[in-house]
Structure formats: structure tokens, C-alpha cells
Amino acid sequence: MAVVFKRTEGLTQAHTHYCPGCTHGIIHRIVAESLEELGLLGETIGIVPVGCSVLGYKYFNMDTQEASHGRAPAAATGVKRVHPDKTVFTYQGDGDLASIGTAEIIHAAARGEKITTIFVNNTTYGMTGGQMAPTTLVGQKATTAQSGRNPETQGFPIRVSEMLSTLDGAVFVERVTVDTPANVRKAKKAIKKAFQVQKAGLGFGIVEVLSTCPTNWGLSPVDALQWLRDNMMPHYPLGNFKDVEIDGEVK
């Protein structure tokens, strides 16, 4: 009988701790599948920080190191410089990357560190209970913004991909989502390209993935997906913000 689908070797058999409807599991799978299909599992080192992905070292079936909150790009820089032949990636949320880790991600990109970042944006601090994040939308309620984010006192949400695309060291920047099967396929294509960019030694690459947080948004999994489409995608438009040729071809 022909095999239609099988579990990727890039993930362990461990049950994840993620809430029902959270799309971290989908993102984990396409990251792992991409590495497996590229033949990179045996040479990959993942860096996971504090946040919803804090237990990622249990889920990714490869060498994985935990970093302090926000410091995954710094840890990845050290790992990559010591092991330049390895494929090194960080897997970070928006509370981690866009807040306490802002300096780390900006300077890793500015230096053109040859690492790959998977940036999961669900507009909230998921693990710690739904506090306002740098990516929380104007008017969106959070435990620390119970009337909704007010730009006059709390500023505007940060568009990380657009910001990083202005840096010379960042060579591949794309924003995707995993709300539909078609978008899952597009997200996987972008993630594979980001790893190929690293293997070609071209510079820093990041894929931002718009994700849901049904628990902290107070929505059902289905309603959370629609909320993402109606509210997040207009402010965080999908698309490629910076691309680079690999072997003379934009793949």
C-alpha cells in the first residue's frame, strides 16, 4: 500500500503541552519536515527560549538547547560560530523575540549571522497568561491592557518583519500563516527556503508565522482562526519582504 502521510522523523513521540487550537504544533511539524526533506536533521541544532515553546527540546528530534528569555539569537550566534558547518535555528514567540529579545534579534540580523529564526506571532504573552506584547493590536484586550491597547499610552504594535527587512545583514524575510492547508504549504515553502539560505551561507533569515492563542484570546479554536484573518492579517500582511538568490536563482 502506498504511504500517503507519515510522521516526520524530525519530531519525537512526546505529547506537546500546547492548548487546544494552538497552531504551534503545525509549525513544529513543518519546521521538522523541512529539515528532514532537506537532509539536515543530523546536523541541526535548535535553540528554544522561555515562552510557550520552552519545552521544544522535548519535541524536536535533534540537538536542542534552551536559552534565557529573549537570548536565543545570542545563543544561536555562539553555537553557529563554534559549529559553522551546522544548521542552527531559533524558535521564538513574540513576547520573547519582540520584547526582551529585541536587541538580540536586531543585532543578529544586522551582523548577518548565518542562522534561521522561526518567529511565532500570536499578539500575546501566551505562557504567562495573556499580557500585552509588543505585537498586541490597537484595541486588543490583554491582562495588562484590560480596556484594549491604547496607542497614546502604550504605543503601536511592532511589525518585526518589516523592521528587520531594512537591515543589510537580513537576506530572507517572509511572513506567513498556518490558518488553512494552502497557507500551511506556503509557510513550509518559506521555512525550507530560509534553511536553504543558511546552508548557502548567505546571511540571516527569518520566517514570521502568524499564529492563534485561543486560550488567552478567549475564543474557540475555529473562531480564533477567523479572528486572525479579520484582525491580524490586515495589520501584519502576508508576503516576502526580502529575498535572495541561491545559486543564481530565487527559489
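The values are calculated or read from the model by the stated rules, or taken from the named source; none is laboratory data. Bear in mind that the values here come from a model prediction, so they are computed numbers and not experimental data. Side chains are part of the model used for accessible areas, which takes the heavy atoms of the whole protein and leaves out ligands, DNA and RNA. Shrake-Rupley method; radii C 1.70, N 1.55, O 1.52, S 1.80 Å.
Numbers at a glance
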read-out	value
Solvent accessible area, Å² - residue 34, 1.4 Å probe, full protein context	0
Under 5 Å, built H, 5+ apart or other chain: amide partners of residue 66	48
Accessible area per residue, Å², the chain with all protein chains present, probe 1.4 Å	44
Over the chain: helical MRE at 222 nm, DSSP H runs n ≥ 4 each giving -39500 (n - 2.57), nearest 500	-8500 deg cm²/dmol
Solvent exposure, largest accessible area first (probe 1.4 Å, DNA, RNA and ligands not counted), of 127, 132	127, 132
From phi via Karplus (6.51, -1.76, 1.60), per-residue ³J(HN,Hα) for region 219-232 in Hz, x at Gly/Pro	10, 6, x, 5, 5, 5, 4, 5, 4, 4, 5, 6, 10, 6
Angle between the chain longest axis and helix 24-37 axis [Cα atoms, degrees, rounded to 10]	10
Region 6-122: C-alpha gyration tensor shape, a/c 1.5 cut-off, then a/b vs b/c	oblate
Distance violations [Cα-Cα > 23 Å] among 141/186; 86/189; 80/186	141/186; 80/186
Span from the region 91-119 Cα centroid across to the region 141-173 one, whole angstrom	13
Cα gyration tensor category, rounded, prolate or oblate, for region 161-200 with a/c compared to 1.5	oblate
Rounded if a/c under 1.5, otherwise prolate or oblate - region 113-233, Cα gyration tensor axes	oblate
Computed accessible area, residue 85, all protein chains, 1.4 angstrom probe, square angstrom	90
Which of 188, 114, 193 is most accessible, then next, and so on - probe 1.4 Å	114, 188, 193
